[in-house]
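Colleague: If you scroll down you'll find the structure; I have some questions about it.
Derivation of every value follows stated rules applied to the coordinates shown; laboratory data play no part. Everything numeric in this text was worked out from a predicted model, so none of it was measured. Every residue, glycine among them, receives a Cβ derived from its backbone with ideal geometry; neighbour counts consider all protein chains shown.
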Amino acid sequence: MTTSQFEDEERFVLVDHPLVQHKVAILRDKETTTKQFRELVRELALFEGYEATRDFPLEDIEVETPLETCIAKQVKGKKVAIIPILRAGLGMVEGMLELMPSARVGHVGMYRDPKTHEPHEYFAKLPPDITSRTCMIVDPMLATGGSANAAIDYLRKQGIEDIRLLVLVAAPEGITSVLEHDPDVRVFSCALDRELNEHAYILPGLGDAGDRIFGTK
């Protein structure tokens with residue numbers, strides 16, 4: 001799979017660094033332990049965070065090194081909120097916070113109806129200054145796009161302009177759904193898989209990310 005199948009390739013970024021591909025391969029393996037899986041999710045979130053923040057503006061600052069004073073760069077005025085979609089998105093938060101320790105964390109709870117596959121919101125808690133922040137929604141899996149679209153809609157209603165969706169594994173159906181649903185959101189994924197099966201599970205996928213992160217199955 002490549003990004004060429006999507007009409008708006010600029011809004012979909014496939015993070016295909018060799019180390020990312022290596023870690024995704026281990027993540028997929030059914031023999032990977034809960035501990036390993038959790039660590040890999042954290043590491044991949046950190047890698048993906050680099051790409052999702054690549055366009056942050058910089059400004060010059062004066063720094064005194066042990067030898068002399070020089071002009072260096074720092075991120076200019078960007079404030080970030082990390083918004084995990086419960087519960088699996090929680091697995092990506094630690095890696096994102098390692099990269100951006102000053103970020104705030106909000107939470108959006110969604111569950112998918114097992115028959116209709118439609119998302120339902122059951123919890124939401126956001127930082128008070130959320131509208132001034134770049135919001136990064138994190139969720140390991142992008143299948144139909146239903147939960148992601150619902151989370152994006154919720155954030156738009158709060159007045160948030162800059163929304164980025166970070167996932168680890170995505171189906172083409174999910175990416176198309178999100179890009180068509182919101183004209184401004186950007187999507188980042190570490191893998192672009194083949195398709196969804198009749199139960200809306202990603203193939204080849206990696207199983208249920210929440211169960212594998214928390215050891216509940």
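Colleague: Can you check how the C-alpha radius of gyration of the range 118-182 compares to 2.2 N^0.38 Å, as a plain ratio? Please report the intermediate quantities before stating the final value.
Modeller: Numbers: Rg = 11.7 Å, N = 65, 2.2 N^0.38 = 10.7 Å.
For the range 118-182, the normalised Cα radius of gyration is 1.09.
Colleague: What's the magnitude of the charge dipole for the range 155-217 around its Cα centre, counting Lys and Arg as +1 and Asp and Glu as -1 at the beta-carbon? Answer in Debye, nearest 20. Don't jump to the answer; show the numbers that get you there.
Modeller: Values: 7 positive and 11 negative charges, 48 e Å.
Dipole about the Cα centre, nearest 20: 220 debye.
Colleague: Pop a pseudo-label 7 angstrom from the Cα along the beta-carbon direction at both Thr176 and His199 and give the gap in nm to one decimal.
Modeller: The answer from the label model is 2.3 nm.
Colleague: Across the range 174-182, in residue order, what do the Karplus-derived ³J(HN,Hα) couplings come to in whole Hz, using 6.51 cos²θ - 1.76 cosθ + 1.60 with θ = phi - 60° and x for Gly and Pro?
Modeller: x, 4, 4, 4, 5, 5, 7, 6, 10
Colleague: So for the range 45-122, averaging the separation of alpha carbon pairs under 8 Å that are six or more residues apart and normalising by length, what relative contact order in percent results? Working shown, then result.
Modeller: Working: 94 pairs, mean separation 19.6, N = 78.
Computed over the range 45-122, the figure is 25 percent.
Colleague: Okay, moving on. Taking amide H positions as placed in the peptide plane 1.01 Å from N, state which residues far from Val187 in sequence (5 or more) or on other chains have amide H under 5 Å from it.
Modeller: Phe12, Val13, Leu165
Colleague: In the Gaussian network model of the chain, springs joining C-alpha atoms below 10 Å, which of Pro128, Pro204, Pro84 carries the largest mean-square fluctuation?
Modeller: Pro128
Colleague: When only C-alpha pairs under 8 Å and at least 6 residues apart count, what is the relative contact order of the range 34-178, in percent?
Modeller: Working: 256 pairs, mean separation 32.7, N = 145.
Normalised by residue count, the contact order of the range 34-178 is 23 percent.
Colleague: Stretch Arg156-Asp129 to full length: gain in nm at 0.36 nm per residue minus the Cα-Cα span?
Modeller: Details: separation 27, 0.36 × 27 = 9.72 nm, distance 1.41 nm.
Taking 0.36 nm per residue and subtracting the Cα distance, the gain is 8.3 nm.
Colleague: OK, next. Name the most mobile residue of Ala191, Ala52, Ala72, meaning the one with the largest mean-square fluctuation, in a Gaussian network model of the chain with Cα contacts below 10 Å.
Modeller: Ala72
Colleague: With unit charges on the beta carbons (Lys and Arg positive, Asp and Glu negative) and the dipole taken about the Cα centre of the chain, which residue among Leu99, Met136, His199 sits farthest to the positive side?
Modeller: His199
Colleague: For a Förster distance of 30 Å, can you work out the FRET efficiency between the beta-carbons of Glu62 and Leu19, rounded to the nearest 0.05?
Modeller: Working: r = 35 Å, r/R0 = 1.15.
With a Förster radius of 30 Å, E is 0.30.
Colleague: Suppose every Lys and Arg Cβ carries +1 and every Asp and Glu Cβ carries -1, with no other charges. What dipole size does the chain come out with about its Cα centre, to the nearest 20 debye?
Modeller: Working: 25 positive and 36 negative charges, 160 e Å.
The dipole magnitude comes to about 760 debye.
Colleague: Another question about this same structure. Within the chain, what percent of beta bridges assigned by DSSP are antiparallel, to the nearest 5? Walk me through the intermediate numbers first.
Modeller: Working: 15 of 38 bridges.
Given both bridge residues lie in the chain, the antiparallel proportion sits at roughly 40 percent.
Colleague: If you find the alpha carbon centre of the range 9-34 and of the range 84-158, how far apart are they in angstrom?
Modeller: Taking the Cα centre of the range 84-158 as reference, the centre of the range 9-34 is 20 Å away.
Colleague: Pulled fully out, how much extra length does the chain show between Cys70 and Asp113, if you take 0.36 nm times their separation in residues and subtract their Cα-Cα distance? Don't jump to the answer; show the numbers that get you there.
Modeller: On the way: separation 43, 0.36 × 43 = 15.48 nm, distance 5.69 nm.
Full extension from Cys70 to Asp113 adds 9.8 nm.
Colleague: A further question on this structure: Which of these, Cys190, Cys135, Cys70, has the largest mean-square fluctuation under a Gaussian network model of the chain (Cα springs below 10 Å)?
Modeller: Taking springs between Cα atoms under 10 Å, the residue moving most is Cys70.
Colleague: Name the residues whose placed amide hydrogens come within less than 5 Å of the amide hydrogen of Val80, ignoring near sequence neighbours (fewer than 5 apart) on the same chain.
Modeller: Arg104, Thr134
Colleague: Just to be sure I understand the model, the point goes 7 Å from the Cα along the line to the Cβ. What's the resulting Ile26 to Phe214 distance in nm?
Modeller: So the two model labels end up 2.4 nm from each other.
Colleague: So which of Lys115/Lys157; Lys30/Lys78; Lys30/Lys73 end up more than 32 Å apart by C-alpha? Don't skip to the end; give the middle numbers.
Modeller: Working: Lys115/Lys157 27 Å; Lys30/Lys78 39 Å; Lys30/Lys73 43 Å.
Exceeds cut-off: Lys30/Lys78; Lys30/Lys73.
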